[in-house]
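Data block below; observations after.
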Amino acid sequence: MKEPMIYTEKVAKFSLGDFTEMFAYQGMQIQEVFGDYNFANYDVRKTPRLIMIAKKS
């Protein structure tokens with residue numbers, strides 16, 4: 001039987017404000033923010049992910 005695939009996810013601790021600043025430095029602006037892969041609202045205390053859509057200014 002084939003063994004199941006195993007995924008490892010590595011993340012750094014950056015806040016939405018950190019990303020906003022880093023993106024702005026590169027001439028980008030965050031357009032939308034989601035809290036999971038189903039596009040739920042982002043809540044810094046509750047959601048498992050920070051998913052952003054950004055646009056070059």
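Is there a quick way to get the dipole size of segment 16-56? I mean about its Cα centre, with the Cβ of Lys and Arg at +1 and of Asp and Glu at -1; what is the value in debye to the nearest 20? Before the final figure, lay out each step's value.
Numbers: 5 positive and 5 negative charges, 13 e Å.
Its charge dipole is roughly 60 debye.
Could you list 8, 20 in order of exposure, starting from the residue whose Cβ has the fewest other Cβ atoms within 10 Å? Could you put the intermediate results ahead of the total?
Working: 8 4, 20 16.
Going from sparsest to densest Cβ surroundings: 8, 20.
Report, by chain and number, residues whose modeled amide H sits under 5 Å from the one on residue 54, excluding near sequence neighbours (fewer than 5 apart, same chain).
31
Please report the projected area of the chain's Cα convex hull averaged over all directions, in nm².
5.7 nm²
In deg cm²/dmol and to the nearest 500, what is the mean residue ellipticity at 222 nm of the chain if only DSSP H runs of at least 4 residues count, each as -39500 (n - 2.57), divided by the residue total? List each step's numbers first, then the result.
Values: 1 runs with 10 residues, N = 57.
Roughly -5000 deg cm²/dmol at 222 nm, from the helical runs in the chain.
For residue 8 paired with residue 52, estimate the spin-label separation in nm (one decimal), with each label point 7 Å from Cα along the Cα-to-Cβ line.
The two pseudo-label positions are separated by 2.6 nm.
Since every read-out is calculated from the coordinates, none of them should be taken as a lab result. Keep in mind it's a predicted model, so treat the numbers as computed, not measured. Note that each Cβ is placed from the backbone with ideal geometry, even for glycine, and that neighbours are counted across all protein chains shown.
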